[in-house]
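For reference, the structure discussed in these notes is given below.
The values are calculated or read from the model by the stated rules, or taken from the named source; none is laboratory data. This one's a predicted model, so the numbers in the text were calculated from it and none came from an experiment. Because the Cβ atoms are built from the backbone with ideal geometry, glycine has one as well, and the counts that use them run over all protein chains shown.
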Amino acid sequence: MKLVTIVGARPQFIKAAVLSRALKKYPQLKEVIVHTGQHYDYNMSASFFREMDIPEPDYSLGINSMSHAAMTGKMLIELEKVLLREKPRIVIVYGDTNSTLAGALAAAKLNIPVAHIEAGMRSFDMRMPEEVNRVVTDTLSQFFFVTGEVAFKNLQMEGLDKPENQILKVGDIMYDAFLYYKKKALKPKMYHLPDEFILLTLHRQENLENADELASFFQFVGTLHNEIPIVFPCHPGTRKKLDLYGITPGIELIEPVGYFEMLYLLNQCSLVMTDSGGLQKEAFYAERYCITLRNNTEWKELVDLKVNWLTSLNTERILEALSALLSKTFNCKVKPYGDGNTGELIAEALFSYLS
Ligand code: UD1
Ligand code: UDP
C-alpha cells in the first residue's frame with residue numbers, strides 16, 4: 001500500500017519527520033517521499049533531513065527560486081510524472097506552500113485522494129500566497145487532518161464537511177515535534193548568545209514587498225537591539241531582499257539555524273517576534289509570548305488567549321506589545337492543539353483507510 005508524501009519547505013520537513021516515524025508502526029504502508037526542492041540551502045533543507053533522520057527523498061525535483069506561477073507549474077508537471085510512475089493510493093501534503101498546492105493539484109487531476117495535514121487554516125486574506133494555497137488545497141482534498149476547533153469550523157463554513165470527505169481533529173503535528181525533539185535542543189555554536197534576548201524571524205512576502213516599511217522596521221530593530229539583544233536567524237529570501245533594497249539592518253543577520261538549535265533559542269529567549277506560522281505555535285509550546293508581525297493569523301486561538309499579539313511591522317504597536325509582555329510571566333495552561341500524538345493519529349487513520 002503506497003502513499004506519496006510531498007514536501008518542499010522547512011516546516012514540512014519537520015512535520016514529515018513526525019509522520020514518517022509514526023508510519024513505521026505499519027510496515028504494510030510504503031511511504032515514497034518527494035522533495036520538490038523549494039527550499040534547497042543546506043540549513044534550509046538537508047540539515048533537517050539529517051538531524052531528524054528523515055528517510056532520504058525518493059525523488060528530488062530541484063524546483064525553486066521562481067515566480068509563484070512558474071514554480072507551481074513546474075512542480076505540477078514533474079509531480080504528475082512521479083505520481084503516474086508510483087501510482088500511490090493517497091497523496092499527503094502539508095500546510096500552505098506552493099509545494100502543497102502543486103502536490104494536491106497533481107493528485108486531484110489523476111483522481112488520487114489527497115490528505116491535507118494542517119487543513120482548514122485560514123487568514124481570510126487572499127492576497128497572501130499561503131491563503132490561496134490553503135483554500136485551493138482544501139478544495140481538492142478528501143482527508144482533512146485539522147489541528148482544532150477553529151480549523152474544523154472553517155471547513156464547515158466552506159461546505160467541505162461533505163459525506164464523502166473525512167475531517168479528523170488530530171491536533172498539531174508540530175506539537176509532537178516540539179515534545180519529541182526538545183530533549184535534543186542544541187546551543188548554537190556559531191555566534192555569541194546573550195543571556196537575555198528576543199528571537200526574531202521574518203520571511204513573509206507581505207512583509208518584504210515594501211522597501212520603506214522594511215527599512216523603518218529594521219531601524220527600529222537596531223535601536224531596540226541596544227536595549228535588549230535581538231537574535232535573528234535570517235531566511236535567505238529576506239537576506240536577498242535586504243540586499244536588493246540596500247537596507248543595513250543594524251543587527252547581525254545570522255544564518256538560518258537547524259531545528260534543534262531553534263528549540264534551544266525558543267527555550268532561552270525572553271520573547272518571540274515573528275511572522276512565521278509555525279513559530280507562533282512553538283513560542284506557545286515553549287511558554288513564550290509572541291509578537292506576530294502580521295495583521296492576521298491562522299492561529300486565532302493564541303490571540304484569543306492573549307499570548308500572541310498581532311502588530312504587523314507597525315513599530316508603535318510592537319512597542320506597546322513589548323511593554324505589556326516583556327516583564328510578564330507566561331501563565332497560560334490551555335492546550336488547544338491536542339496531546340502530542342498527532343502523528344500516531346494520522347498514521348492510524350491512513351492505515352485504516354488503506355487497509
Ligand atoms: C515558503 C512558503 C511559505 C512558508 C515558507 C517556510 C510559499 C508561497 N511560501 O516561503 O508559506 O512559510 O516557505 O519557510 O510557498 N531561498 C533561498 N534558499 C533556500 C530557500 C529559499 O535562497 O533554501 C530564496 C529563494 O530563492 C527565493 C526566496 O528565498 O528567492 C523565497 O523562497 P520561497 O520558497 O519562494 O518562499 P519562502 O519565503 O521560503
Ligand atoms: N525554523 C528553524 N530554523 C530557523 C527558522 C525556523 O528550524 O532558522 C523552524 C521553526 O522552528 C519552525 C519552522 O522552521 O518549526 C517554521 O518555518 P518557517 O517560519 O520558515 O515557516 P512557516 O511556519 O511560516 O510556514
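A single member of LEU179, LEU214, LEU244 is surrounded by fewer than 21 Cβ atoms within 10 Å (Cβ to Cβ), in contact (Cβ under 8 Å) with a residue 60 or more places away in the chain, within 16 Å of ligand 1 (Cβ to nearest atom) and assigned to a helix (DSSP H, G or I), and it is LEU214. Among the residues of region 46-60, the ones that are under 23 Å from LYS81 (Cβ atoms) and either surrounded by 18 or more Cβ atoms within 10 Å (Cβ to Cβ) or within 11 Å of ligand 1 (Cβ to nearest atom) (or both) come to 4 in all. Scan region 269-325 for residues that are more than 22 Å from LEU214 (Cα to Cα), without any contact (Cβ under 8 Å) to a residue 24 or more places away in the chain and of a type in the set (Val, Ile, Thr) and report the count. Residues that pass the stated criteria total 1.
Of a type outside the set (A, V, I, L, M, F, W, C), surrounded by fewer than 20 Cβ atoms within 10 Å (Cβ to Cβ), within 16 Å of ligand 1 (Cβ to nearest atom) and modelled with pLDDT of 95 or more, is that true of ASN267? Here the answer is no, as ASN267 does not meet what is asked.
Scanning region 68-83 turns up no residue that is in a loop (DSSP other than H, G, I, E, B), at pLDDT 95 or above, surrounded by fewer than 19 Cβ atoms within 10 Å (Cβ to Cβ) and more than 16 Å from ligand 2 (Cβ to nearest atom). For ARG204, the stated conditions hold: it is within 18 Å of ILE291 (Cα to Cα) and modelled with pLDDT of 95 or more.
Would you call THR315 crowded, with 21+ Cβ neighbours inside 10 Å, β-branched (Val, Ile, Thr) and either away from ligand 1 (no atom under 16 Å from the Cβ) or within 23 Å of MET44 (Cα to Cα) (or both)?
When the stated conditions are applied, THR315 does not pass them.
Checking each residue of region 248-259 against the condition of being buried (at least 21 other Cβ atoms within 10 Å of the Cβ), more than 15 Å from ligand 1 (Cβ to nearest atom) and not in a loop (DSSP other than H, G, I, E, B) gives no match.
Within region 165-172, does at least one residue satisfy the condition of being within 20 Å of the chain's Cα centre (by Cα), surrounded by 22 or more Cβ atoms within 10 Å (Cβ to Cβ), charged (D, E, K, R) and farther than 16 Å from LYS300 by Cα? No, that holds for no residue. If you go through region 22-45 and pick out every residue that is within 11 Å of ligand 1 (Cβ to nearest atom) and either at negative phi or touching a Cys at 6+ places or on another chain (Cβ under 6 Å) (or both), you end up with 9. Taking the criterion of being more than 16 Å from ligand 1 (Cβ to nearest atom) and surrounded by fewer than 20 Cβ atoms within 10 Å (Cβ to Cβ), the residues of region 192-210 that qualify are HIS192, LEU193, PRO194, ASP195, GLU196, PHE197. When we screen THR292, THR315, THR297 for residues that are out of contact with any Phe, Trp or Tyr (no Cβ under 8 Å at 6 or more places or on another chain) and among the β-branched types (Val, Ile, Thr), the only hit is THR297.
Where residues in region 1-45 are within 13 Å of ligand 2 (Cβ to nearest atom), among the small types (Gly, Ala, Ser) and part of a helix (DSSP H, G or I), which of them is surrounded by the most Cβ atoms within 10 Å (Cβ to Cβ)? It comes out as ALA16.
Being within 11 Å of ligand 2 (Cβ to nearest atom), in a helix (DSSP H, G or I) and at pLDDT 95 or above is the requirement here; does PHE220 meet it?
So PHE220 does not fit the description; no.
Residues that are in contact with a strand residue (DSSP E or B) (Cβ under 8 Å, 6 or more places away or on another chain) and more than 22 Å from ASP41 (Cα to Cα) within region 236-275 comprise ILE251, LEU266, CYS269, SER270, LEU271, VAL272, MET273, listed in sequence order.
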